[in-house]
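Only one structure is covered here, and it is reproduced in the block below.
Any read-out appearing in this document is the output of simple, stated calculations on the displayed coordinates, not a laboratory observation. As the structure is a prediction and not an experimental result, all values here were calculated from the model. Using ideal geometry, Cβ is built from the backbone for each residue, glycine included, and neighbour counts are taken over all protein chains shown.
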Amino acid sequence: MNTRRSRDPKPWVHRVGPPLSPLSMVMIAALTFLVALLALASTACTTQSAVSTETDSFTVGGSLTLKVDTLSGRIEVSAGSDNVVDVRAQLRDVRRVEYEAIQSGDEIIVTAEQKHSWWFPAGNTAADIYVTVPAGTALRLDTSNGDIRVQGTTGGGILSTSNGAIALEEVQGDFEVNTSNGAIEVNGIRGRAA
């Protein structure tokens, strides 16, 4: 008796049920693509969160105004030397942050903005700004997501954050403070805080 065995061309594939329809194959391919895209997006958010520290120093004289505008992150200002402004910025996700600190006449202007509008989530993009100024410096501080802390200044100012606390410690002068989601703490002020 001559029995011939047929050889299965794909012995590792064992189908159970009816064959897949073209629509089912397209849906499986689309889901695989979406999973790969989400994995790529999460990798982009975590691998681009490198931290960089920028430092700047300015020699100043007379009356001075400090303007700080940052996309997200804390701002801390403290009184120091009478003729020097020192700025330290800790930038997170540096590829997406455009930072600048300049002197223009009697103003020091510090900005940190998001470079591009990204399709992927922004991750941990932020700039924490630490500044030491002459005590009499007038302040204009604005951050969209972070705390603001001012210590020892006598020039007053306007402070604004949309999501963070504001703290004034041992200050003089009139301050206008605004936060939409955070505490306002005043410890030792000679002047008004509104």
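Observations
- Model label sites at Asn124 and Glu100, defined 7 Å from Cα along the beta-carbon direction, differ in position by 2.8 nm.
- Region 85-190, Rg to Rh (Cα coordinates; Rh as Kirkwood inverse mean 1/r): 0.99
- Estimated distance in nm for a label pair at Leu31 and Glu170, the labels positioned 7 Å out from Cα along Cα-to-Cβ: 6.4
- With a Förster radius of 45 Å applied to the beta-carbon distance between Arg192 and Lys115, the computed FRET efficiency rounds to 0.70.
- In this structure, Ala39 and Asn181 have a Cβ-Cβ separation that, at R0 = 35 Å, corresponds to a calculated FRET efficiency of about 0.60.
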